[in-house]
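The values are calculated or read from the model by the stated rules, or taken from the named source; none is laboratory data. Fair warning: this is a prediction, and the values are worked out from it, not measured in the lab. Please note: Cβ atoms are built from the backbone with ideal geometry, for glycine as well, and neighbour counts cover all protein chains shown.
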Amino acid sequence: MMHYSKEDWRNYTLDFIESNERESMEEHLYECDHCLALYMESIDEQHENLPMINDDSFTNEVMTEINFETLQPNENIKTNSLKRTIIHYIIATAATIIFMVSGLFQYIFTATSNFEKSSKHNESSISQQIVNKSVDTSKKDGGSKHE
């Protein structure tokens, strides 16, 4: 693997390299830890030579270029929330009316009452049924042997 020199990385940080060579150097940084370390050293050395921006005008220019979104007043948010709530209630009411007209609720109530009627016919509990079966089994065998 070919490594770039520290001077190459210094020229890279100072932007003295042509764009096609820059791209190959950037790709090389992804693969080579040694060159990445040299590049980081070059940045640290150049950091002291770079001009510092202490002028507030730069900050003000950047802030004026940013497009700030205007916040909606609370009244608009409240009216939108109220509209959304009313729409939900209207949809729920319409669905209820459709179900009533189609007979869905009547079918559900009929099925439920039929289920309740069928469960009332078997009023004995499961534990009672188990006891009855065990008693029936012991009677068939002639009772218990210690009687």
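One table, with the values for the structure above:
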{"quantity": "Search result, residues across region 1-23 that are surrounded by 11 or more Cβ atoms within 10 Å (Cβ to Cβ) and assigned to a helix (DSSP H, G or I)", "calculated": "Lys6, Asp8, Trp9, Arg10, Asn11, Tyr12, Thr13, Glu21, Arg22, Glu23"}
{"quantity": "Filter result for the condition that a residue is modelled with pLDDT under 80, of a type outside the set (S, T, N, Q) and out of contact with any Lys or Arg (no Cβ under 7 Å at 6 or more places or on another chain), over Ile66, Ile43, Ile108", "calculated": "Ile66"}
{"quantity": "The listed residue being surrounded by 10 or more Cβ atoms within 10 Å (Cβ to Cβ), among the polar types (S, T, N, Q), under 51 Å from the mean Cα position of the chain (by Cα) and modelled with pLDDT of 85 or more, out of Thr79, Thr85", "calculated": "Thr85"}
{"quantity": "Residue list for region 30-65, filter: β-branched (Val, Ile, Thr) and under 18 Å from Glu7 (Cβ atoms)", "calculated": "Ile43"}
{"quantity": "Residue ID - modelled with the highest pLDDT, chosen from residues in region 116-133 that are assigned to a helix (DSSP H, G or I) and loosely packed, with under 10 Cβ neighbours inside 10 Å", "calculated": "Ser127"}
